[in-house]
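The values are calculated or read from the model by the stated rules, or taken from the named source; none is laboratory data. For clarity, every value in this text was computed on a predicted model and none was experimentally measured. No Cβ is skipped: glycine too gets one built from the backbone with ideal geometry, and neighbour counts run over all protein chains shown.
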Amino acid sequence: MRTSVNLLLLFFSVISFEIHAQDQDVSFEAVISKKTLGINETLRVDFKVNKDGDNFSPPNFNGFRVVGGPNQSVSNSWINGKRTFSKSYSYFLSPLKKGSLSIGQATIEIDDQLYKTMPVKIIVDKSVEINKDPNNTNYLVNENLHLVAEVSKTNPYLNESISVIYKLYFSPQINVTNVGEIDSPEYVDFWSNNIKIPRLQIERGSYKGDSYNYVIWKEIVLYPQKADKLNIKPLSLEVSVDVPTNKRDFFGNRIYTQISKTVTAGNRSIQVKPLPKDAPVNFNGAVGNFEILFTSSKTQLKSSESLQATIKVKGLGNLKLFSTPELSAPSSLEKYDPEHKENIKTALNGMSGDISDTYTLVPQFKGKYPISPVEFVYFDPQAEKYKSIFSKEIVINVLEGPSSFSQKNETQGLLKINTNNIPIAKSQFRFIKTKPGLIKIESRKFIYSTSFYLLLFLPLIIIFILFGFIKSKTTSASDIKGYKSRRAKKLVKKYLSEAKTSLDKKDVFYVALERALHNFLKSKFSIETSDYSKVKVKRLLANKNIQTGSIELFISLIENCDYARYTPASNVAINNDYENAVKVILEIDKQI
């Protein structure tokens, strides 16, 4: 009896506690790390709420660049039998200008009511000196993270190739977890070509005499188009770094904290030298080292047959920035406009390969026709002088056809033009037929015949057949679509479960996480693997009215899966990615 009474008392106490918890006031506020900061500092903003809600929407952060976040954290604690709940959405911001800036209102829905934070004023002043305390995390990042632009040559000739390699150096003391490009460099007055890097790889090197790790972020080949002092605008990257702190966990392992840092390669100046003024008349801007080839598909043929004559320039240099020499052929060879072809590859040492123009030539008369060698002029930057090269001569021998000249006159020793020796073929001129040869057809009774009714009802029969075919295809497609959706949902659960069990194995974890995100999109939006791109996913989610915060978090997870293939990741980052993946899948599912 006493046990039953105790259970009842416990039951009513739990009910009264829940009622009291539901009646507590909702608190939703924006908490900033500092109210005044330098233009070179980073600001942290936490949007904290004491009750769980849905459809969180951040402000637009005008005047700031989001360099980190959103990161979500949840805290539950029990003190003297009283439950305390706290949920926060964290962003890291970098100011874009000096002055008084404002962080707008964030919104969240709790129990079908909309709550907003108060706007927060921030004062941004001039750059501040970074604390040089070796235990300060910002100082550690500044001293151990560098972006360098390596230029192969700073005083090239006009149209001479140079290469720019952007290397991100980071010391073994820190771990780079995420890299994103903020500002791409501008190459004004340069012809530029970006060399694709299939996979970023961590390599060992030295920076200012110290041992560093580095990755090659970008490789560019440039051809200056103006003889002057030219500037290369800087490249800026946003890098997320795990930095060790002085704190340790229960097992004595050092605790890491994550910091976002903007690094810039800086401006580089290139002094471009003009080409020497003693250029030959037929120089057309080729700079490099080349050879010229002149070939013909045949050297013996009959008149009215055709041949292909090809002028090809091959070598290393600015192949896309000049044209091949024009072919000069005898007037008795009819010449047609050439077909241009390019076979060019671009590497760090510049463009290499060949360009060619293929002419179609048709001889009109019998005889031998020499085609003079083709001259090509280029500037060699190594020898610092112009060079002329020639192709070989080709003789075209037309074996059969009308003659354009009579035989040599033995008495006068002169050649006379014979205007009557050109034979005329019998089929050269034809007349139009004057009698068409039509056959008279007797009139038949067509109306109400079998053919009449067949032609009358045939279109209706075809329409019914097409309607049935389209309906069956639609039903089949919907069945397949439903099957794919159900299968994708199972795969989401499978790969999320696989990711959870592989938190200590970075490569396996991110492969499973990427598959889970992919199959979630497949199940909800029927997006195919070939369409799985960040741009299309972002546009698709926006068209479905998904909240901006959820879209940004989903895209950031996709990027983290890509970067994890070539950058190290800490346990903190892996756990955050897993929790954010579960959260964003639930959020998008609710919003749909």
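Scanning the stretch 136-152 for residues that are in contact (Cβ under 8 Å) with a residue 40 or more places away in the chain and in a loop (DSSP other than H, G, I, E, B) turns up just one, Ser152. Annotation: of all residues in the stretch 232-243 being surrounded by fewer than 20 Cβ atoms within 10 Å (Cβ to Cβ) and under 19 Å from Tyr207 (Cβ atoms), the one that is farthest from the chain's Cα centre (by Cα) is Pro234.
Go through the stretch 206-216 residue by residue and tally those that are surrounded by fewer than 18 Cβ atoms within 10 Å (Cβ to Cβ) and under 28 Å from the mean Cα position of the chain (by Cα).
Selection size over the stretch 206-216: 1.
With respect to being at pLDDT below 90 and among the basic types (Lys, Arg), Lys277 falls outside the description.
When Pro325, Pro330 are checked against the criterion of being part of a loop (DSSP other than H, G, I, E, B), under 28 Å from Ser192 (Cα atoms), touching a residue at least 12 places away in the same chain (Cβ under 8 Å) and in contact with a Phe, Trp or Tyr (Cβ under 7 Å, 6 or more places away or on another chain), a single residue qualifies: Pro325.
Just a yes or no: is a residue in the stretch 311-321 outside the structural domain of Val67 (by TED's automatic domain parsing), among the basic types (Lys, Arg) and modelled with pLDDT under 90? Within the stretch 311-321, not a single residue is outside the structural domain of Val67 (by TED's automatic domain parsing), among the basic types (Lys, Arg) and modelled with pLDDT under 90. Can you confirm whether Val179 is within 17 Å of the chain's Cα centre (by Cα), buried (at least 18 other Cβ atoms within 10 Å of the Cβ) and closer than 25 Å to Tyr256 by Cβ? Here the answer is yes, as Val179 does meet what is asked. Within the stretch 179-202, residues that are part of a strand (DSSP E or B) reach partners that are charged (D, E, K, R) and at pLDDT below 90 with beta carbons closer than 6 Å, at six or more positions or on different chains, in the pairs Gly180/Glu238; Ile182/Glu238.
Matching residues to (1) basic (Lys, Arg); (2) at pLDDT below 75; (3) in the same structural domain as Val179 (by TED's automatic domain parsing); (4) under 24 Å from Thr501 (Cβ atoms):
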{"residue": "Ala516", "(1), (2), (3), (4)": "no, no, no, yes"}
{"residue": "Asn519", "(1), (2), (3), (4)": "no, no, no, yes"}
{"residue": "Ser530", "(1), (2), (3), (4)": "no, yes, no, no"}
{"residue": "Lys544", "(1), (2), (3), (4)": "yes, no, no, no"}
{"residue": "Gln547", "(1), (2), (3), (4)": "no, no, no, no"}
{"residue": "Glu552", "(1), (2), (3), (4)": "no, no, no, no"}
{"residue": "Asp562", "(1), (2), (3), (4)": "no, yes, no, yes"}
{"residue": "Thr567", "(1), (2), (3), (4)": "no, yes, no, yes"}
{"residue": "Val572", "(1), (2), (3), (4)": "no, yes, no, yes"}
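Taken together, Lys208, Lys229, Lys247, Lys196 contain a single residue that is in contact with a strand residue (DSSP E or B) (Cβ under 6 Å, 6 or more places away or on another chain) and at pLDDT 85 or above, which is Lys229. Per the listing Asn289, Asn282, Asn246, the residue uniquely in a strand (DSSP E or B) and either surrounded by fewer than 13 Cβ atoms within 10 Å (Cβ to Cβ) or among the aliphatic types (A, V, I, L, M) (or both) is Asn246.
Residues checked against (1) surrounded by 18 or more Cβ atoms within 10 Å (Cβ to Cβ); (2) small (Gly, Ala, Ser); (3) at pLDDT 95 or above:
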position: Ser323; (1), (2), (3): no, yes, no
position: Leu327; (1), (2), (3): yes, no, no
position: Ser331; (1), (2), (3): no, yes, no
position: Pro338; (1), (2), (3): yes, no, no
position: Ala347; (1), (2), (3): no, yes, no
position: Ile355; (1), (2), (3): yes, no, yes
position: Gln364; (1), (2), (3): no, no, no
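Checking each residue in the stretch 266-279 for being assigned to a loop (DSSP other than H, G, I, E, B), within 22 Å of Glu160 (Cβ to Cβ) and either in contact (Cβ under 8 Å) with a residue 24 or more places away in the chain or in contact with a Cys (Cβ under 6 Å, 6 or more places away or on another chain) (or both) picks out Asn267, Val272, Pro274, Leu275, Pro276, Asp278, Ala279. Taken together, the criteria place Lys302 among residues that are in contact (Cβ under 8 Å) with a residue 60 or more places away in the chain, within 30 Å of Tyr369 (Cβ to Cβ) and surrounded by fewer than 19 Cβ atoms within 10 Å (Cβ to Cβ). If I filter the stretch 18-28 for residues that are in contact with a strand residue (DSSP E or B) (Cβ under 9 Å, 6 or more places away or on another chain), at pLDDT below 85 and of a type in the set (Asp, Glu), do I get at least one hit? There is no residue in the stretch 18-28 that is in contact with a strand residue (DSSP E or B) (Cβ under 9 Å, 6 or more places away or on another chain), at pLDDT below 85 and of a type in the set (Asp, Glu).
Mind checking whether some residue in the stretch 357-364 is farther than 30 Å from Ser304 by Cβ and among the hydroxyl-bearing types (Ser, Thr, Tyr)?
No, that holds for no residue.
Entry remark, the stretch 249-270: residues being surrounded by 11 or more Cβ atoms within 10 Å (Cβ to Cβ) and either over 24 Å from Asp183 (Cα atoms) or of a type in the set (D, E, K, R) (or both) number 5 in total.
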